[in-house]
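Here is the structure we will look at, set down as structure tokens.
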């Protein structure tokens, strides 16, 4: 049996519910080692492709980019300078924009400021800000373990209970993050909650988030870093009164509704959702399976000639019903403009591309499918 092919086949069959696993942040040394390994393998497995002719994309580079984006590997930015009697988190700022690694925007009020600080044991918890984009609620949380826990690392939050207007949200809730202060005592967590249609039918919101118990890992002994130590026990509840208009400020949706078929599956390109921080194109499929796995992109340009690339950001898949819902995000690194700058465009001229994920490491060979389509913005 070809071991490389078997690895890819098994990876494609894996189903993970990341909410059931402990969250773990890599050290700076581990980040550097991982990046060096990726760069080394990339340098020895493929030749660099110019941006203007990226018809084929290195499989290793795509996988590495998705992996690093999911981990949310950011560089610590805060320095602890405080009086002994004051709360560090009260003056420390680390917004959703910072957490997502997005360059500074000129648009004001891209998120709702919460700025509430409470304690769980000796640790401080802060809900910094939040926003709703499409049907996702993003809540930005900071945890300061403080001096009494300086040798420990945040593994995660044991229980997270969210209710909106008194109704508990039971849909999937994922979280990811990293350390964000120079002494590595402050940790960031972004909660991502998939909301159902019930929460889009009202104008006013009371959002209540309860966090219970922090589980931590011992950083003094690297051999024990995967072992839990007694948790920091306690409960903190945050409550925010806001409006749908405030949460969805600057968010716009443009209908596309184009049907197409690739060599593997049929797709429906539903809509483009825009925001100054990020923009997504939503795609669904009714006959999709994860074997063989198909990588999809949407490419094109705006009316000013700026190149645009939307790449797979996240997707959900119901295997029993072979139903797929995916989000393709505007890749600002691979596009000529940011999501905020794209809002100034009048038209987007786009084309769907896909490539079957190969069993052997190599290049993704993209082909175009369906008719080109145009989205008129600001109309």
### Query
What residue, among those in the range 332-342 that are surrounded by fewer than 19 Cβ atoms within 10 Å (Cβ to Cβ) and in contact with a strand residue (DSSP E or B) (Cβ under 6 Å, 6 or more places away or on another chain), is nearest to residue 290 (Cα to Cα)?
334
### Task
Say whether the condition of being out of contact with any strand residue (DSSP E or B) (no Cβ under 7 Å at 6 or more places or on another chain) and surrounded by 14 or more Cβ atoms within 10 Å (Cβ to Cβ) is met by at least one residue in the range 359-373.
yes
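Listed here are the residues, each with its yes/no results for (1) assigned by TED's automatic domain parsing to the domain that holds residue 141; (2) surrounded by fewer than 14 Cβ atoms within 10 Å (Cβ to Cβ); (3) at pLDDT below 65; (4) over 16 Å from residue 162 (Cβ atoms).
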residue	(1), (2), (3), (4)
203	yes, yes, no, yes
206	yes, yes, no, no
227	yes, yes, yes, yes
231	yes, no, no, yes
### Message
I'd like the full set of residues that are touching a helix residue (DSSP H, G or I) at 6+ places or on another chain (Cβ under 7 Å) and assigned to a strand (DSSP E or B), limited to the range 100-149.
### Response
112, 117, 123, 124, 126, 129, 131, 132, 138, 140, 142, 144
### Message
Looking for something farther than 25 Å from residue 274 by Cβ and modelled with pLDDT under 95 - is there at least one such residue anywhere in the range 347-356?
### Response
yes
### Message
Can you find a residue that is under 29 Å from residue 279 (Cβ atoms) and modelled with pLDDT of 75 or more anywhere in the range 174-181?
### Response
yes
### Task
Can you give me the number of residues within the range 246-270 that are free of Cβ contacts under 8 Å to residues at least 60 places away in the same chain and either within 28 Å of residue 125 (Cβ to Cβ) or part of a loop (DSSP other than H, G, I, E, B) (or both)?
1
### Query
Out of all the residues in the range 271-288, is one or more part of a loop (DSSP other than H, G, I, E, B), in contact (Cβ under 8 Å) with a residue 40 or more places away in the chain and more than 21 Å from residue 248 (Cα to Cα)?
no
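The values are calculated or read from the model by the stated rules, or taken from the named source; none is laboratory data. Remember, it's a predicted structure, so these values are computed and weren't measured experimentally. Neighbour counts run over all protein chains shown; Cβ positions are idealised from the backbone, glycine included.
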